[in-house]
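Report on one structure; see the data block that follows.
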Amino acid sequence: MPKLTIDGKEVEVAPGTNLIEAARQAGSEVPHYCYHPGLSIAGQCRLCMVDIEKNPRPQIGCNTQAADGMVVHTQTERVLETRKSIMEFHLVNHPLDCPVCDQAGECWLQIYYMRHGLYDPRMVDEKVHKPKAVPLGPHVILDAERCILCSRCVRFCDEVTATGELGIFNRGDHSEIGLFPGKTLENKYSGNVIDICPVGALTDREFRFQVRVWYLDTARSVCNGCARGCNIEVHNNRRRLHHNQGRRIARIKPRHNPDVNRWWICDEGRYGFRWIDDDRRLLTPVRRASGKDVPLGWDEAVADLVAALRRYRPEEIGILASPQMSNEDLFALQRIAGHLGIRAVDHRVPPRVAGDEDEILIRADKNPNRRGAELIGLTQGETAAILDGARQRRIKLLWIFQHDLLDSGLPAADVSAALAAAEMVVFQGPSANGTSAGAHLVLPSAAYVEREGTFTNFQGRVQRFRTAVEPLGDAVADWDILGRLGRALGGGDPALAATRAEQVFTALAGHVPAFAGMTYRAIGDAGLVAKA
Amino acid sequence: MSLYEAIQEVRSIYPEDSESAVLPALRLAQEEHGWLSPEVIREVADALEVTPAFVKSIASYYDQFHLAPVGEHLVEVCTNVSCAVVGAQQVVEAFEGGLGCHAGETSADGKVTLRTVECLGGCGWATIVAIDSHYRTHVKASDVPAIVEELTGGD
Amino acid sequence: MATEVEKIVFAGADDRDLTKLAEYEAVGGYEALAKARAMAPQDVTEELITSELRGRGGAFFPTGRKWSFVPSKDQIPKPHYLVVNADESEPGSFKDNEIISRVPHRFIEGCLITAHAIDSKHVFVYIRGEYSGPYEILVNALEEIPKDVLGGVTIVVHRGAGAYICGEETGLLSSLEGKKGWPKIKPPFPAIKGAFGQPTIVNNVETIAAVPHIINRGAAWFAGLGTKTQGGTRLYSVSGHVVKPGVVEAPVSVTLRSLIYDHCGGIPDGRRLKAVVPGGSSAPILTADEIDVSMDADGLKAAGTMIGSAGVIVMDETVSIPEALMVVARFYAHESCGQCTPCRESTGWIYKMSHRIVEGKGRKEDLDTILDVAKRGAGTTICAFYDGAVGPYVSYIEKFREEFEALIPRDA
């Protein structure tokens, strides 16, 4: 392992580490644009220059591998002057769009100019003009004047998605990023170029002009779009509700995890958050009787559910859990079912259309916690049998979590018959759907961004998601609803006495061998793999 | 032989898995079609099994590829230093006058596209004018009318 | 006094049409190849090292030493490539045009000897797209060569399509590989990982054309013709305001004054010399007082300029240096590949400023801005293109400052 000195500090790094990364490990920032750890080395921006002893001139850090005994200086007079020059060159033709550019506040030209530039501008000639506001695809819009030609986007489409839509055309200062005429940037990961573009050349069409980034708060979370569980940041706007059309969730960005999603996220996941703020969200518990919808407080709602569960014998009750629920939610449900002796429990509902899958990130199973449901063991029963039982009136109470059974791979007629035949249908979930519309008791769950918990991805990795915003209306986390139910049923199960998700998880770790020894702290931001 | 076949033949000269054939392929396509329209670029991309964006990035990079229609003849006057100091600018102006268009444009009758170019590598025989890629040497402004006549058939 | 020298590159070309194989063989053509093939490749490389032949493309690197960088097939078991740089596009340089047009067989023989020395069976000649005439002559000459002379070596002539930067070693390799002609970041170096990722030697046409004589007459003889640091003769492309412009084969230590006045007949019409560019447009300009300099690399370096591609551009008193700078600045702006930021942005910017000065709209800060921008960008780029541009940017202004200042309005 090479040992080298950077700004007077000695560090030991893995062989093959470049000087930007080595400097990072030593606590020194080396500014850069074209370098990205997930892409090939371009060496084009010339900003990452550092002084290496025994070299007559500063060298670029991205293409220099750390060598044993190397002595590197990132703050010499010469390096600082070079950075200033390179910043000036980057800004020579850059348009003064900051007041209307979405990137403002997270723009690396702004950031590095303030840190390393601060020169008096002296370019008085006309700047080179290029196309502005050019939609490239459904999600990405290009401003070619703002582009600093770092080529990250081109390399991403060549190397990560292997779709090659983008090219750099022309030569010299007329060089321009673009698409071939008639083509669009519509690969399933197109949004990632927005993240890696250091400036406002590639921006998000949905986010365009919605809210300034300095009003956003962020929470570390996990995407609920498929079984990959890409690590994300949920950016939410709670300070300027007259922006972003009142929606709380502004955008989702990927969070780096070398074992799960590296630096990327698919477009489905990136843009799949509208439902969180739309008008199908369930806001209060509702009892539906004689064609009337009666809003209930939680105490009444829980009382209704207790009455229902006591009205029927355990073998007359069927539960369809959802792999959208967190480990904590599923464990609490498992405990309830266990205490009540309910055996007809399953989480498997086939989708109407088979999910797409690829070799990059996307998994066919569009649920974040299938593995969690399997490990916790919510499969004593079988969905088709449960619905069959309902149709034949052997099962009289159906308790359905989140699923829209009428929009699934199950034959609609069978589902309708089962729902019609059941004496009572309880629906628990965040959003209204075809199934909830006919339920007798509707309980609103908080969306995953409105609470914390854990999901287990398809590789068995248990990952934490954290609260980004307050629940809408009276919605409450599923484990919390089940806890209230558990306490009302009596019994004193610690898993059902929890006031925080972490307490439920502690109980889960104590009971389910796959999670043995895990704690929220140990899971951290990287996650922990469950024992097989 | 079709353009597609010609391109496959060219590909076989170069290492497999390389894209070297793109330059000769574009030259062949331009010879056949006169200029490289988006359709032609797509045709070349298909023959090379690469994306059209890639082929366009190559075609737009080099001076000799025309991404817009050009006249029957191409007149390119070198205006770099060695030719400039012996009167290249006057040669350009003589052509502009004789053809009735500015450098960078095509004459109204579509016969001649006039361009100024950088060093053509004939500095000792200045001023160099490349006509359809073949060099005329020692060109003076007074030689231009005859050249114009030759190219436009005396209009 | 003109110093006569025995011609090496153009030997026999004045008396015969050496584009024809039979004519070339009549003056001993392809005998050096037979002799080289009887030698071990390392021995051929040794001869080149002893000869003190240096690259004639502009970088001036010792040729034999460059060949020795190619790893043996035991170290890296991959085919080796010889890539010949016939992309001559440096303003003022037209010697490679002459070589291919007049002595294509000598050039081909040089290619085959070089291929033997570096254990290569694949030669690519990258010839600039605009050289249609020389291309046709070269292709015809190749068709004349019998298979046994080729000896299993394939020679592919690859035409460029109009980009000066494809004359830069790694820009050429990128273009040959079918990418945009963008120079590559180094490491890796071409001798280890060049064309198509294989060990590659890139040599200039004139360098290659000198090789047959070195093998025939011996390295010591060749070295003895020159100076301690440079063997053989040199081809000077002389253009601009001289009575007899053209390619002059002369000793490496000929003076610039001798080249202009003895070999090329001096300035026409009795006008006064004003300035000379000694080594292609990237070489810093010399004033009329500085022409008593020896045209070997050391002499020119000591004079603050360089030999480059030995393109000598002579300017008399009718030339406006600010206009010349504008022309040169336009060239660099047009030819910048655009890959790296300092060059891409500065070349365009400096052209705009120089254009504004020539139009009489210069500002008093402009000259110092050009100088500062040039110096700040130097040494920060992927390749030496920008450093080449800095040569004229800085030298034209520093040596002819009053002429520039005269164009700047007093109240600017």
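Tell me which residues, restricted to region A:132-172, are among the small types (Gly, Ala, Ser) and either within 9 Å of another protein chain (Cβ to nearest Cβ) or touching a Ser or Thr at 6+ places or on another chain (Cβ under 7 Å) (or both). Listed by number, the residues that qualify are A:GLY137, A:SER151, A:GLY164, A:GLY167, A:GLY172. Of the residues making up region C:104-114, at least one is touching a residue at least 60 places away in the same chain (Cβ under 8 Å), of a type in the set (S, T, N, Q) and buried (at least 24 other Cβ atoms within 10 Å of the Cβ). Scanning region A:505-519 turns up at least one residue that is surrounded by fewer than 21 Cβ atoms within 10 Å (Cβ to Cβ), under 22 Å from the mean Cα position of the chain (by Cα) and farther than 30 Å from A:GLY291 by Cα. Filter region B:61-113 down to residues that are within 12 Å of chain C (Cβ to nearest Cβ) and of a type in the set (S, T, N, Q) and give me whichever is nearest to B:VAL40 (Cα to Cα). Only one residue fits best here, namely B:GLN64.
Within region B:117-139, restricting attention to residues that are of a type in the set (Gly, Ala, Ser) and in a loop (DSSP other than H, G, I, E, B), the residue that is nearest to C:VAL243 (Cα to Cα) is B:ALA126.
Scanning for something of a type in the set (Ser, Thr, Tyr), within 30 Å of C:ILE321 (Cβ to Cβ) and either surrounded by fewer than 24 Cβ atoms within 10 Å (Cβ to Cβ) or away from every other protein chain (no Cβ under 11 Å) (or both), does region B:45-60 turn up at least one residue? No, because not a single residue in region B:45-60 is of a type in the set (Ser, Thr, Tyr), within 30 Å of C:ILE321 (Cβ to Cβ) and either surrounded by fewer than 24 Cβ atoms within 10 Å (Cβ to Cβ) or away from every other protein chain (no Cβ under 11 Å) (or both). Give the residues of region C:286-313 that are buried (at least 20 other Cβ atoms within 10 Å of the Cβ) and among the acidic types (Asp, Glu), sorted by residue number. Of everything in region C:286-313, just one residue is buried (at least 20 other Cβ atoms within 10 Å of the Cβ) and among the acidic types (Asp, Glu), namely C:ASP296.
For region C:187-201, a residue qualifies if it is touching a helix residue (DSSP H, G or I) at 6+ places or on another chain (Cβ under 7 Å) and within 14 Å of chain A (Cβ to nearest Cβ), but none of them does. Looking at the structure I just gave you, is A:GLU126 under 30 Å from B:ASP63 (Cβ atoms) and without any contact (Cβ under 8 Å) to a residue 12 or more places away in the chain? So A:GLU126 passes the test.
Looking only at region C:209-252, residues that are in a loop (DSSP other than H, G, I, E, B), hydroxyl-bearing (Ser, Thr, Tyr) and closer than 21 Å to C:VAL84 by Cβ come to 0 in all.
Could you go through region B:31-38 and let me know if any residue there is among the charged types (D, E, K, R) and part of a helix (DSSP H, G or I). Yes, region B:31-38 contains a residue that is among the charged types (D, E, K, R) and part of a helix (DSSP H, G or I). When A:GLU12 is tested against the conditions (1) over 21 Å from C:ILE185 (Cα atoms); (2) without any contact (Cβ under 8 Å) to a residue 12 or more places away in the chain; (3) within 14 Å of chain C (Cβ to nearest Cβ), the lone failure is (3).
Here's the yes/no breakdown for (1) under 21 Å from A:LEU91 (Cα atoms); (2) of a type in the set (Lys, Arg); (3) in contact with a strand residue (DSSP E or B) (Cβ under 9 Å, 6 or more places away or on another chain); (4) surrounded by 17 or more Cβ atoms within 10 Å (Cβ to Cβ):
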residue	(1), (2), (3), (4)
C:PRO342	yes, no, no, yes
C:SER346	yes, no, no, yes
C:TRP349	yes, no, no, yes
C:LYS364	no, yes, no, no
C:VAL373	yes, no, no, yes
C:ALA378	yes, no, no, yes
C:PRO392	no, no, yes, yes
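When B:LEU28, B:LEU48 are screened for being within 26 Å of B:HIS73 (Cβ to Cβ) and not hydroxyl-bearing (Ser, Thr, Tyr), only B:LEU28 passes.
Of the residues contained in region A:230-241, one or more are found to be in a loop (DSSP other than H, G, I, E, B), modelled with pLDDT of 95 or more and not aliphatic (A, V, I, L, M).
Restricting B:VAL77, B:VAL81, B:VAL148 to those that are surrounded by 20 or more Cβ atoms within 10 Å (Cβ to Cβ) and under 24 Å from B:GLU31 (Cβ atoms) reduces the list to B:VAL77. Filtering region C:93-103 for residues that are of a type in the set (Lys, Arg), part of a helix (DSSP H, G or I), assigned by TED's automatic domain parsing to the domain that holds C:ARG37 and crowded, with 24+ Cβ neighbours inside 10 Å leaves a non-empty set. Restricted to strands (runs of 3 or more DSSP E) entirely inside region A:261-352, those with at least 1 residues that are buried (at least 17 other Cβ atoms within 10 Å of the Cβ) and not aliphatic (A, V, I, L, M) are A:286-289, A:317-320, A:344-346.
Count of region A:136-159 residues, restricted to those that are over 20 Å from C:THR347 (Cβ atoms), surrounded by 13 or more Cβ atoms within 10 Å (Cβ to Cβ) and touching a residue at least 60 places away in the same chain (Cβ under 8 Å), is 10. Of all residues in region A:431-446, those that are at pLDDT below 95 and under 21 Å from A:LEU485 (Cβ atoms) total 0. Looking across B:LEU151, B:LEU114, one residue alone is under 16 Å from the mean Cα position of the chain (by Cα) and part of a helix (DSSP H, G or I). It is B:LEU151. Select from region A:56-77 the residues that are out of contact with any Lys or Arg (no Cβ under 7 Å at 6 or more places or on another chain), surrounded by fewer than 19 Cβ atoms within 10 Å (Cβ to Cβ) and at pLDDT 95 or above and list them in ascending order. Passing the criteria: A:GLN59, A:GLN65, A:ALA67, A:GLY69, A:VAL71, A:HIS73, A:GLN75, A:THR76, A:GLU77. For region C:160-179, which residues satisfy the criterion of being assigned to a helix (DSSP H, G or I), in contact (Cβ under 8 Å) with a residue 40 or more places away in the chain and more than 10 Å from chain B (Cβ to nearest Cβ)? Of everything in region C:160-179, those that are assigned to a helix (DSSP H, G or I), in contact (Cβ under 8 Å) with a residue 40 or more places away in the chain and more than 10 Å from chain B (Cβ to nearest Cβ) turn out to be C:GLY167, C:GLU169, C:THR170, C:GLY171, C:LEU172, C:LEU173. If I filter region A:173-212 down to residues being in contact (Cβ under 8 Å) with a residue 40 or more places away in the chain and basic (Lys, Arg), which single residue comes out as nearest to the other protein chains (Cβ to nearest Cβ)? Here the residue is A:LYS188.
Considering region A:436-452, the residues that are closer than 18 Å to A:VAL294 by Cα and touching a strand residue (DSSP E or B) at 6+ places or on another chain (Cβ under 7 Å) include one that is surrounded by the most Cβ atoms within 10 Å (Cβ to Cβ), namely A:LEU443.
Rundown of residues vs (1) touching a residue at least 24 places away in the same chain (Cβ under 8 Å); (2) within 14 Å of chain C (Cβ to nearest Cβ), yes/no style:
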| residue | (1), (2) |
| --- | --- |
| A:CYS34 | yes, yes |
| A:GLY43 | no, yes |
| A:CYS62 | yes, yes |
| A:THR76 | yes, no |
| A:LYS84 | yes, yes |
| A:ASP102 | yes, no |
| A:ASP120 | no, yes |
| A:LYS130 | yes, yes |
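Pairing residues of region C:275-303 that are outside the structural domain of C:ALA250 (by TED's automatic domain parsing) with residues that are of a type in the set (Asp, Glu), at Cβ distances under 6 Å and at least 6 apart in sequence or on separate chains, gives no pairs at all. Here B:ARG42 fulfils each of the conditions (1) among the basic types (Lys, Arg); (2) under 19 Å from the mean Cα position of the chain (by Cα); (3) away from chain C (no Cβ under 12 Å) apart from (2).
The values are calculated or read from the model by the stated rules, or taken from the named source; none is laboratory data. None of these values were measured; they are calculated from a predicted model. Note: ideal-geometry Cβ built from the backbone for every residue, glycine included; neighbour counts use all protein chains shown.
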